[in-house]
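Structure first, commentary second.
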Amino acid sequence: MGAAISFIYLIAAITYIVGLKMLGNPKSARKGNLIAAGGMGIAILGTIFLYDKKVDTTIHILIWTAIILGSIAGWMVAKKVEMTKMPELVSMFNGMGGASAALIGIIEFQIHTNSLNNTIVIIAGVIIGSISLSGSLVAWAKLNGNMKSIIRLPKYNLINNLVVLSVLAVGFYIIWSGSSNPAFMYLLFLLALIYGVLFVIPIGGADMPVVISLLNSLTGIAAAFTGFLFDNMVMLAGGILVGSAGLILTFAMCDAMNRPLSNVIFGAFGQPDADLTQGSSKSEGTIKKTTPSDAAIMMNYANRVIIVPGYGLAVAQAQHVIHELELLLESKGVEVKYAIHPVAGRMPGHMNVLLAETNVDYDKLIEMDDINPLFQNTDAVLVVGANDVVNPAAHNDPASPIYGMPILEVEKAKSIIINKRSMNPGYAGIQNELFYNQKTSMLFGDAKDVLTKLVHELKNM
């Protein structure tokens, strides 16, 4: 590899690191994403034009055709996708990354089988990439409503173990025998795809953010193996960064849910549906309903209002209205902040992305650990479409499936307004004790419609 392309790869690797660092702060995330994407663009162009081996014109035509078509398709999909569908898009794109790693391994298997190390790397890349591909597609189907949230096959553990053992057996046979027969590689690819499906189908919708993050990490690891195969520093660096960042985020979200990763992956296996809804299902007292007019009066005379966004806000496409509500309250001298729970929504950072679309000031997006001490000095909290992440059962009911999960301590506020379509439970399948709190007023209706009425009432005050 020439000095020029090595230098370009070094620059690209640096942009990945800088971009990833900037993604840790909402203010710099957009710029960091552009920097990392620019580094990837430089690496691609450097590979095409500075590759030290002669490549046929036909290959160049195919490469540029793929780049142009892929760029157009990606741009159009990303521009048109609704924010509520962003988790599905992330799952789909992540699956394509896993597919790329698996297909590269299948193709290279017939070229690099003369080296034991290369064979091991190829097999690892095919297995991990295939699991990421099929697992991501199942996650997409669950999030998109095309597949039931939790599917339990009869004798699941037996089937799952047999598939895992089959994957390992075929992989070890290829390594041990030194066979270059592509049939074995296709069999490995198929078995790994099946395991990816089995891996995700028992996992419920509430755990999808963790699953998406874990699958994203697997795609990064598969890319890193491809970097090993080609002795390509930029692929190796990018894969390691994606893999490690995905794992860190996965464990961080598990901590936020007070559940080990093994419980997320295996917790629902073999359990009847009823088991998932055990725990805090009692309703203590009665609910108190309110109207947009009364809620507007409550917020109008508050010194501080904290807004708790949830997936219901995204479903209703109400992010622009809630930003208008925020600005209106501030014009009346009310301090407004947003309380962000780590696993609110359907993917990591979903609420941050949703609110960033409306240009909400990043300084107003406060993470759980920082916002919780503020609730006790807050006059009014407006919960929009959030459920389990504000349920006091996480502290009060040892029998609850969410017991021990860190939550937004909304119950400490002086008054609470909860906007929901109905009294239906959240993903955990349990009643929310907060609904029956004496300080809570339920404001039923579509989030966009209710928030629009709130804005109207406040404007007339």
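The values are calculated or read from the model by the stated rules, or taken from the named source; none is laboratory data. Fair warning: this is a prediction, and the values are worked out from it, not measured in the lab. Note that each Cβ is placed from the backbone with ideal geometry, even for glycine, and that neighbours are counted across all protein chains shown. Surface accessibility is based on the protein's heavy atoms, side chains included, excluding ligands, DNA and RNA. Shrake-Rupley method; radii C 1.70, N 1.55, O 1.52, S 1.80 Å.
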Quiz prompt | Cα convex hull volume per residue for the chain (Å³) | solution = 145
Quiz item: Considering the dipole of the range 287-333 built from charges on the beta carbon (Lys and Arg +1, Asp and Glu -1) around the Cα centre, which of Gln319, Pro309, Ala295 is farthest to its positive end?
Solution: Ala295
Exercise. Using a Förster distance of 51 angstrom, determine the FRET efficiency expected from the C-beta separation of Tyr173 and Ser293, and round it to 0.05.
Key: 0.10
Exercise. At 1.4 Å probe size, with every protein chain present, just tell me what the per residue accessible area of the range 300-434 comes to in Å².
Key: 35
Self-check item: Unit Cα scatterers, Debye sum, the range 91-271: log10 I(q)/I(0) for q = 0.09, 0.18 Å⁻¹
Solution: -0.31, -1.15
Practice problem: Express the Stokes-Einstein translational diffusion coefficient of the range 344-461 in µm² s⁻¹, to the nearest whole number, given a Kirkwood radius over alpha-carbon pairs, 37 °C and a viscosity of 0.692 mPa s. | Solution: 213
Practice problem: Starting from 0 in steps of 10 Å, tell me what percent of the Cα-Cα pairs of the range 156-216 lands in each bin. | Solution: 20, 40, 28, 11, 1
Quiz item: Nearest 20 debye, what's the magnitude of the dipole of the chain about its Cα centre given +1 on Lys and Arg Cβ and -1 on Asp and Glu Cβ?
Solution: 480
Quiz item: To the nearest Å, what is the center-to-center distance of the range 392-461 and the range 101-140, using C-alpha atoms only?
Solution: 46
Self-check item: For the range 127-201, accessible area per residue (1.4 Å probe, heavy atoms of protein chains only), Å²
Solution: 49
Exercise. Return one number: the angle in degrees, 0 to 90 and rounded to the nearest 10, between the long axis of the Cα atoms of helix 447-459 and the longest principal axis of the Cα atoms of the chain.
Key: 50
Quiz item: In degrees between 0 and 90, to the nearest 10, how far off the longest principal axis of the chain does helix 57-80 point, with axes built from Cα atoms?
Solution: 10
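How high is the relative contact order of the range 133-213, given as a whole-number percent (alpha carbon pairs under 8 Å, six or more residues apart)?
55
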Quiz item: Sorted by average packing, counted as other Cβ atoms within 10 angstrom per residue and highest first, what order do 86-93, 35-42 take?
Solution: 86-93, 35-42
Practice problem: Evaluate the charge dipole of the range 292-459 about its Cα centre and quote only its size in Debye, nearest 20, assuming +1 on the Cβ of each Lys and Arg and -1 on the Cβ of each Asp and Glu. | Solution: 340
Practice problem: Would you mind computing, in nm to one decimal, how far apart the modelled labels at Asn25 and Ser422 are, each placed 7 Å from Cα along Cα→Cβ? | Solution: 4.5
Exercise. Starting with the highest mean, order 359-366, 96-103 by the number of other Cβ atoms within 10 Å, averaged over the residues of each peptide.
Key: 96-103, 359-366
Practice problem: Measure off, as a whole percent, the carbon and sulfur share of the 1.4 Å-probe accessible area of the chain, all protein chains present. | Solution: 63
Quiz item: Toward the positive end of the charge dipole of the range 1-80, about the Cα centre and with charges on Cβ (Lys, Arg +1; Asp, Glu -1), which of Met40, Ser71, Pro26 goes farthest?
Solution: Pro26
Quiz prompt | Helix 26-50 vs. the chain, principal-axis angle (Cα, 0 to 90°, nearest 10) | solution = 10
Quiz item: Roughly speaking, what is the centre-to-centre gap between the range 160-215 and the range 325-357 when only Cα atoms are used, to the nearest Å?
Solution: 40
Quiz item: Can you give the Rg to Rh ratio for the range 74-143, taking only C-alpha atoms and Rh from Kirkwood?
Solution: 1.15
Quiz prompt | Normalised contact order of the range 1-80, rounded percent, pairs of Cα under 8 Å and 6 or more residues apart | solution = 30
Exercise. Translational diffusion coefficient, Stokes-Einstein: compute it for the range 328-385 using the Kirkwood radius over C-alpha pairs as Rh, at 20 °C and 1.002 mPa s, and state it as an integer in µm² s⁻¹.
Key: 172
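Relative to the compact globular guide of 2.2 N^0.38 Å, what is the alpha carbon radius of gyration of the range 1-122, as a ratio?
Cα Rg divided by the expected 2.2 N^0.38 Å: 1.26.
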Self-check item: Peptides 68-80, 439-451, 158-170 ordered by average Cβ neighbours within 10 Å, highest first
Solution: 439-451, 158-170, 68-80
